[in-house]
Amino acid sequence: MSGPGAPELPPRDCPACPRLVAYRRANRQAHPDWWNDPVPPWGSPQARLLIVGLAPGVRGANRTGRPFTGDYAGTLLYETLIRHGFAAGRFGGDPSDGLRLQDCRIVNAVRCAPPANRPIAREIRTCNRFLQSELACMPGLRAVLALGAVAHHAVVAACDLRPRPGFAHGARTTLPNGAILCGSYHVSRLNTNTGRLTAGMFDDIVTGLRRLVDAAEDAGVAG
């Protein structure tokens, strides 16, 4: 697998989705000290694991400018990544906390915060070109973790998989570039509070990804 150059990113103040533009402007007026722009990916394009979320939380990544940072969802995600060596340091919920990603990159299917945390279909489709570019520009990619059904379907669309596999927690699909797409329920407060996703369930998912990435490395050395 090889990927040319750097991935395409939406511009600051991206004009592509009118509803998101209006919401961003309203947030700028109310909170001029927040990020309030498309949230860029975090982590190296050379990483072997790509994590795809839904969209920036308005008081999370939309505020801080770093994926899954500033609201509840990042706690379970980053503590689990630290435990399995995909991140190092301490997650403090702020970009200045010193946390580092290791062999891992994180991006959202939709780069701008949507009202009520719910992007509409047109916005997901419009932003999909940037996810396509991410996948094409990660030459060492071995695994993609989709957090929730929207992220799963965005990856499937970006890869133009046919027939299109449905989302299921723990389900795996081989992508055209040979990487494995794995689904997990989203690490949202709603899912964890209701028990739909427990810390143990998510740990099992990341444990499997750690083994998958390590097995790919071992196979490459053996070859």
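The values are calculated or read from the model by the stated rules, or taken from the named source; none is laboratory data. Model, not experiment: these values are computed from the prediction. Don't worry about glycine lacking a Cβ; one is built from the backbone with ideal geometry, like all the others, and counts go over all protein chains shown. Remember, those area values only see protein heavy atoms, side chains included, never the ligands or the DNA or RNA. Shrake-Rupley method; radii C 1.70, N 1.55, O 1.52, S 1.80 Å.
Key figures
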quantity	calculated
Among (1) more than 19 Å from Phe130 (Cβ to Cβ); (2) open to solvent by 50 Å² or more (accessible area, probe 1.4 Å); (3) among the aliphatic types (A, V, I, L, M), the one test that Leu9 misses	(1)
Pick from the stretch 191-213, criterion of a type in the set (Val, Ile, Thr) and assigned to a helix (DSSP H, G or I), ranking: surrounded by the fewest Cβ atoms within 10 Å (Cβ to Cβ)	Thr194
Meets criteria (more than 14 Å from the chain's Cα centre (by Cα), among the small types (Gly, Ala, Ser) and open to solvent by 60 Å² or more (accessible area, probe 1.4 Å)) for Ala116	yes
Breaking point among (1) assigned to a loop (DSSP other than H, G, I, E, B); (2) open to solvent by less than 20 Å² (accessible area, probe 1.4 Å), for Trp35	(2)
Residue in the stretch 44-62 that is charged (D, E, K, R), surrounded by fewer than 20 Cβ atoms within 10 Å (Cβ to Cβ), outside any loop (DSSP other than H, G, I, E, B) and on the phi < 0 side of the Ramachandran plot present	no
Subset of the stretch 139-190 [in contact (Cβ under 8 Å) with a residue 60 or more places away in the chain, open to solvent by 50 Å² or more (accessible area, probe 1.4 Å) and touching a helix residue (DSSP H, G or I) at 6+ places or on another chain (Cβ under 6 Å)]	Arg142
Exclusive hit being over 18 Å from Val187 (Cβ atoms) and among the basic types (Lys, Arg), set Arg59, Arg125, Arg118	Arg125
Selection status of Ser2, in contact with a strand residue (DSSP E or B) (Cβ under 7 Å, 6 or more places away or on another chain) and either modelled with pLDDT under 95 or open to solvent by 50 Å² or more (accessible area, probe 1.4 Å) (or both)	no
Selection from the stretch 12-26 of residues that are surrounded by fewer than 19 Cβ atoms within 10 Å (Cβ to Cβ) and at pLDDT 95 or above	Cys14, Pro15, Ala16, Pro18, Arg19, Val21, Ala22, Arg25, Ala26
Selected residue (criterion: nearest to Met201 (Cα to Cα)) from residues of the stretch 70-89 that are modelled with pLDDT under 95 and surrounded by fewer than 21 Cβ atoms within 10 Å (Cβ to Cβ)	Tyr72
Condition met for Asp218 (assigned to a helix (DSSP H, G or I), more than 15 Å from Val52 (Cα to Cα), at pLDDT 95 or above and open to solvent by 30 Å² or more (accessible area, probe 1.4 Å))	no
Failed condition for Asn36, given (1) modelled with pLDDT under 95; (2) in contact with a Lys or Arg (Cβ under 6 Å, 6 or more places away or on another chain)	(1)
